[in-house]
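S.K.: Dropping the structure in here first, questions after.
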Amino acid sequence: MTINYFLQKELSKYKGIYLETGLSNGDSLYTASKLNFSKLISIEINSSYIDKAKKRFSKEIENNKIEILEGNSSLIIEDVLRKYRNIDVIFLDA
């Protein structure tokens, strides 16, 4: 699922951290990156999706705006929630 216009409008109200599970081609991450979030985190289990996203978002990753984590989101999400206290949005897409 990608972020549609209605969801973009709702998400634009937030400025903290955006966390998503399921990167796929990175379209939702791209849309969220155009909003007001201070940081975006995506959890993905498929290494080929991660490799493509690291190329697509290389500038944002270098600037620490985007962080891509590899692994099973059901196992990783708890650590992410402990590490980052100001997560505004959790987009469960996996």
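S.K.: Scan the stretch 67-86 for residues that are of a type in the set (Gly, Ala, Ser) and either open to solvent by less than 60 Å² (accessible area, probe 1.4 Å) or in contact with a His (Cβ under 8 Å, 6 or more places away or on another chain) (or both) and jot them down.
M.R.: Selection gives GLY71, SER73.
S.K.: Just to be sure, is VAL89 under 26 Å from LYS9 (Cβ atoms), in a helix (DSSP H, G or I) and either open to solvent by less than 40 Å² (accessible area, probe 1.4 Å) or small (Gly, Ala, Ser) (or both)?
M.R.: Spelling it out, it is not the case that VAL89 is under 26 Å from LYS9 (Cβ atoms), in a helix (DSSP H, G or I) and either open to solvent by less than 40 Å² (accessible area, probe 1.4 Å) or small (Gly, Ala, Ser) (or both).
S.K.: Here is a follow-up. Go through (1) at negative phi; (2) loosely packed, with under 11 Cβ neighbours inside 10 Å and name the single condition ASN64 misses.
M.R.: Only one criterion is unmet by ASN64, namely (1).
S.K.: Same structure, new question: Suppose we filter the stretch 23-51 for residues that are crowded, with 16+ Cβ neighbours inside 10 Å, more than 22 Å from TYR5 (Cα to Cα) and charged (D, E, K, R); how many remain?
M.R.: 1
S.K.: Anything in the stretch 1-22 that is under 17 Å from LYS65 (Cα atoms) and open to solvent by 30 Å² or more (accessible area, probe 1.4 Å)? List them, or say none.
M.R.: SER12, TYR14, LYS15
S.K.: Only residues in the stretch 20-35 that are more than 21 Å from SER47 (Cβ to Cβ) count as the first member; pair them with residues that are open to solvent by 30 Å² or more (accessible area, probe 1.4 Å) and among the β-branched types (Val, Ile, Thr), Cβ under 8 angstrom, at least 6 apart or cross-chain, and list the lot.
M.R.: THR31/THR2
S.K.: A further question follows. Return the only residue of ARG56, ARG85 being basic (Lys, Arg) and modelled with pLDDT under 95.
M.R.: One residue alone meets the criteria, ARG85.
The values are calculated or read from the model by the stated rules, or taken from the named source; none is laboratory data. Since the model is a prediction, treat every value here as computed from it, not as a measurement. All Cβ positions, even for glycine, are placed from backbone atoms using ideal geometry, and neighbour counts span all protein chains on display. Only protein heavy atoms, including side chains, enter the accessible area calculation; ligands, DNA and RNA are left aside. Shrake-Rupley method; radii C 1.70, N 1.55, O 1.52, S 1.80 Å.
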